[in-house]
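Trainee: Handing you this structure, nothing more for now.
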Amino acid sequence: MLTPTFRNHASYLLYPALLGGALLLWSSLWLGIGWDADVAMQLVYWAFLALLVILERLLPFEPAWNRNDGQLRNDIVLSILTIALNSIATIVCLWAIEWAISTIEPLVSLKVWPAHWPFYVQVIPGIILWDLGNHLAHRWAHKIPLLWRFHSVHHSAPRLSVINAGRFHPIDIVKSVVIGSPIPILLGVPAEIAECYAALYLFGGILTHANINLRCTFFSRFINTPDLHRWHHSPHPVETDTNYGEVTVVWDRLFGSYVFHARGSRRNLGLGYTVPVSRHLLEAIWHPLTPAGHHAGPESRIVSLPEGVTAVADIALTEFLAAGPPAHGSERVAGVVHGIQVKP
Ligand SMILES: [Zn+2]
């Protein structure tokens, strides 16, 4: 068994070790051995995912999130859709960049990027620039109702884990690529930097959703971390509408949406009853495409755990979630929560 002392020390070291290890392995396969960057990225991604699933059991941030919440099938299907769409989008996007640069660069590129500078000097500004497009795509997904109806499927998860890191509506994925890519392409950022950004986006993205006890206070000042992202998944809009950066926090700091709480963590996540996303997969995909948007009935809505409830003692989490939303206000929640252990 892992002792509390070991878990405590591991929580400080794991975040840089995991993210740095995945990036080092990928870059070694790509630049050291000469593998195709995308093939190496996919291989490292699946190995990384398997490692994180094991660590979620050994060093959970919130043990209650490891229980089946009844959304496992939805999360897996949506993740497969997301991975497929992302792979296609990445290939199309990188092909478009290479084609634009080699064929019609004078027409599409503003030629303001200093491509003649050494790569190591270009890489960090290039990553920050790529993050601008994705930051705007994410921010607008929260602020524009038509986009929020798709992005809210991702926010409907009542817990965070590597399994639901890919829980996105397909339209949400397409939107991110369409809005996120033009800025760096137009400015002429090299395709190699797009590869570096994609690796950070992929490995860092799955890590920010992992249910692993990782303490990232230092890193949260510069890049998106699990600490920051759990606040982004809060059921309270004032907390949700912050920390939009997918990889860095640069644009959140500049635009005033960076929020970091060094003490405390958010453990009740989801949308509560504010956006009634259906827990049925086909409805969750179909409803946002209809004029009415999400319109799940009370019996089929995804339910968040109430404030302060972090572990289930007397009833299974699935039973709690299946109990549905309150008929009026919070009275029924209080009734359903009776029997749940509330941590001080
Ligand atoms: Zn969001």
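Trainee: May I ask for the net charge around Ser257, where only other residues with Cβ less than 12 Å from the Cβ of Ser257 are counted and Lys, Arg are +1 while Asp, Glu are -1? Don't jump to the answer; show the numbers that get you there.
Mentor: Numbers: positive: Arg139, Lys143, Arg253; negative: Glu239, Asp241, Asp252.
Net charge in that neighbourhood comes out at 0.
Trainee: Please find the FRET efficiency linking Asn66 to His295, where r is the Cβ-Cβ separation and R0 is fixed at 30 Å, and quote it to the nearest 0.05.
Mentor: Working from the Cβ atoms, E equals 0.45.
Trainee: Which whole-number percentage describes the relative contact order of the stretch 137-252, with Cα contacts under 8 Å and a sequence gap of 6 or more?
Mentor: 23
Trainee: Which cross-chain or sequence-distant (5 or more) residues have an amide H under 5 Å from the amide H of Arg301, H modelled 1.01 Å from N in plane?
Mentor: Distant-sequence amide H within range of Arg301: Arg279.
Trainee: I'd like the FRET efficiency for Asp36 and Tyr120, computed as 1/(1 + (r/R0)^6) with the beta carbon distance as r and R0 of 22 Å, rounded to 0.05.
Mentor: Details: r = 22 Å, r/R0 = 0.99.
With a Förster radius of 22 Å, E is 0.50.
Trainee: Give me the one-decimal nm value for the distance between modelled label points at Glu192 and Asp241, 7 Å along each residue's Cα-to-Cβ direction.
Mentor: 4.2
Trainee: At 0.36 nm per residue, and after removing the present C-alpha to C-alpha distance, how many nm does the segment from Ser265 to Ser28 gain when stretched out fully?
Mentor: Here the answer is 81.8 nm.
Trainee: Need the full-extension length gain, Ile183 to Thr274, defined as separation in residues times 0.36 nm minus the C-alpha distance. One decimal, nm.
Mentor: Here the segment from Ile183 to Thr274 would lengthen by 29.4 nm.
Trainee: Sticking with this one: Under a point-charge model restricted to the Cβ atoms of Lys and Arg (+1) and Asp and Glu (-1), what is the dipole moment magnitude of the stretch 4-255 relative to its Cα centre, in debye to the nearest 20?
Mentor: 600
Trainee: If you keep only loop residues by DSSP, which trypsin sites (Lys or Arg not before Pro) in the stretch 1-73 have at most 16 other Cβ atoms within 10 Å of their Cβ? It would help to have the intermediate numbers written out before the result.
Mentor: Values: sites: Arg7, Arg57, Arg67, Arg73; in loops: Arg67.
Those satisfying the criteria are Arg67.
Each value in this text was obtained by applying a stated rule to the coordinates, not by laboratory testing. Note that the coordinates shown come from a computational prediction; the quantities given were computed from them, not determined experimentally. Backbone-built Cβ (ideal geometry, glycine too); neighbour counts: all protein chains shown.
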